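Single-structure report; data block below.
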Amino acid sequence: AKQMVLKQFLSGYHVDELLSLGERFSEEVIPTMLRPEGMEKLRWHQQQGHECVLVSASLDIYLESWARKERLTAVLCTSLKKKNNGDVTGEIEGENCYGEEKVRRIKGWHKGKPAKNTYAYGDTSGDLPMIKSARQGYLWTKQENRFVANHRAS
C-alpha cells in the first residue's frame, strides 16, 4: 500500500522540490508529532555523548532535514528511487526500512565499529525487531503513556 501511495502522489516530482517541501514539513509538522518524553531521552543520550541514529520507515526527504537540526549522527530510513535527471519514480529504493530491515540497516551502519551498549526506542510493532536486538530496548505504550523496557539482551 505504501508503494502505491508513493507512486500515485510523488512520481514525477524532482527530488529538489520534494526536499524543499520536506524541509518545510520538518520545521512545521514534525515538531507537533513528537513526544516530549522521546525528546527528553534524545537529549539525555546526546548529553552522554552517545551516537544517536534515527531509524525509520518514513522518508528521507523530510527526516534528514529534521535529523540535521537535531544533531543526530545518522538517519537510516526509506528512500525514493530517482531517475538520472533527479525526478522521483515514486518507488522505494531498496527495502522499506521496517521490521527486520531496521536491524539489517543498523548492523550495516555499525559494522566495523567497536561494540557498545545500545539503546532503541520505538512505538510500533515494526520497531520490535530493532528493540529486541538492542542491549536496552524500550517500547512506547499508550496504556502507560511512557516507554517501557521491552527487552534487554544478555
The condition from (1) in contact (Cβ under 8 Å) with a residue 40 or more places away in the chain; (2) more than 25 Å from Thr141 (Cβ to Cβ) that His50 misses is numbered (2)
The lone condition Ser20 fails out of (1) modelled with pLDDT under 95; (2) farther than 28 Å from Arg146 by Cα; (3) assigned to a helix (DSSP H, G or I) is (1)
Note: among Arg146, Arg71, Arg152, just one is farther than 24 Å from Met4 by Cβ, open to solvent by 80 Å² or more (accessible area, probe 1.4 Å), in contact with a helix residue (DSSP H, G or I) (Cβ under 7 Å, 6 or more places away or on another chain) and at pLDDT below 95, namely Arg146
Here the qualifying pairs (Cβ atoms under 8 Å; residues six or more apart or on different chains; first in region 93-104 and over 12 Å from Ser125 (Cα atoms) and open to solvent by less than 100 Å² (accessible area, probe 1.4 Å); second modelled with pLDDT of 95 or more and assigned to a loop (DSSP other than H, G, I, E, B)) come out as Glu101/Glu95
Could you tell me how many of the residues in region 27-72 are in a helix (DSSP H, G or I) and of a type outside the set (A, V, I, L, M, F, W, C)?
19
Which condition from (1) crowded, with 17+ Cβ neighbours inside 10 Å; (2) under 10 Å from the mean Cα position of the chain (by Cα) is the one that Cys52 breaks?
(2)
Inside region 73-154, counting only strands (runs of 3 or more DSSP E) that do not spill past its ends, which hold 1 or more residues that are among the small types (Gly, Ala, Ser) and closer than 30 Å to Tyr13 by Cα?
74-82, 88-93
Across region 114-143, what is the number of residues that are open to solvent by 40 Å² or more (accessible area, probe 1.4 Å) and closer than 16 Å to His45 by Cβ?
6
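The values are calculated or read from the model by the stated rules, or taken from the named source; none is laboratory data. This is a predicted model, so every value here is computed, not measured. Cβ: placed from backbone, ideal geometry, glycine included. Neighbour counts: every protein chain shown. Ligands, DNA and RNA are excluded from the accessible area calculation, which covers all protein heavy atoms including side chains. Shrake-Rupley method; radii C 1.70, N 1.55, O 1.52, S 1.80 Å.
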